[in-house]
Amino acid sequence: MNGIEKIKQRIDADTQAEIDKILASAREEAAKIAEKYNAQADEEAIELNMRSKKAAAEREERLVSAAQMESRKTALATKQGLMEKAYELALEKLCKMPDAQYKEIVADLLVQASPSGRGTVVFAPDEAKRIGEAAVKLANEKLGGGKLTLSQETREIRGGFILRDDRVEVNGTFETLVRLQKAETAGAVAKILFPEA
């Protein structure tokens, strides 16, 4: 081998050594960068996982709260339905009282509705025939010579009466009386129906 080839081989060896040194350094630098980004990715994954868990817990809390609210609304609607049913049953009982008791109650209500002792009493068609005349007569007696009269007109009411005096009408229908009592008695009825509340 001549001198030039030795020099060339030496240059090639030095160059290869330099290339190997640069590649080793680059690999080492790449490993450090990869390690840094892997650590950063792990931190972000942990943070993202924590945020996801927090968001899931908050969503679960909102869903539980919404379910509880819906449950309370359903329970309230059920209770209100039962209260309405109780008042409807009370109205039915009023309308189905025995004639003697019915006549007495209607007469007392007529006395309260007509302090002047005058007026025309309108009943439902079947009640006008069944107790109308007797109830008006009893009310006139209780008024001490009242001048109430039974109207030939009838109205589609479920029970009770309508008292007309000139242009004024007093609504003494059982539907109206029960509705008016509902506002005053709802709390007591609720305590009876739902004692645990």
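The values are calculated or read from the model by the stated rules, or taken from the named source; none is laboratory data. All figures in this text were calculated on a predicted structure; none of them were measured in a lab. Counting neighbours? That spans all protein chains shown, and the Cβs are built from the backbone with ideal geometry, glycine included. These area figures cover heavy atoms from the full protein model, side chains too; ligands, DNA and RNA do not enter into them. Shrake-Rupley method; radii C 1.70, N 1.55, O 1.52, S 1.80 Å.
General observations
- Residue check, residue 162 open to solvent by 70 Å² or more (accessible area, probe 1.4 Å), under 26 Å from residue 86 (Cβ atoms) and out of contact with any Gly (no Cβ under 6 Å at 6 or more places or on another chain): no
- When 66, 75 are checked against the criterion of being at pLDDT below 90 and surrounded by fewer than 17 Cβ atoms within 10 Å (Cβ to Cβ), 75 stands alone in meeting it.
- When residues of the stretch 146-159 are limited to those that are in contact with a Ser or Thr (Cβ under 6 Å, 6 or more places away or on another chain) and of a type outside the set (A, V, I, L, M), the one surrounded by the most Cβ atoms within 10 Å (Cβ to Cβ): 151
- Flag if residue 76 is touching a residue at least 12 places away in the same chain (Cβ under 8 Å) and hydrophobic (A, V, I, L, M, F, W, C): no
- The combined condition, being under 30 Å from residue 164 (Cα atoms), open to solvent by 100 Å² or more (accessible area, probe 1.4 Å), part of a helix (DSSP H, G or I) and not hydroxyl-bearing (Ser, Thr, Tyr), is not fulfilled by residue 85.
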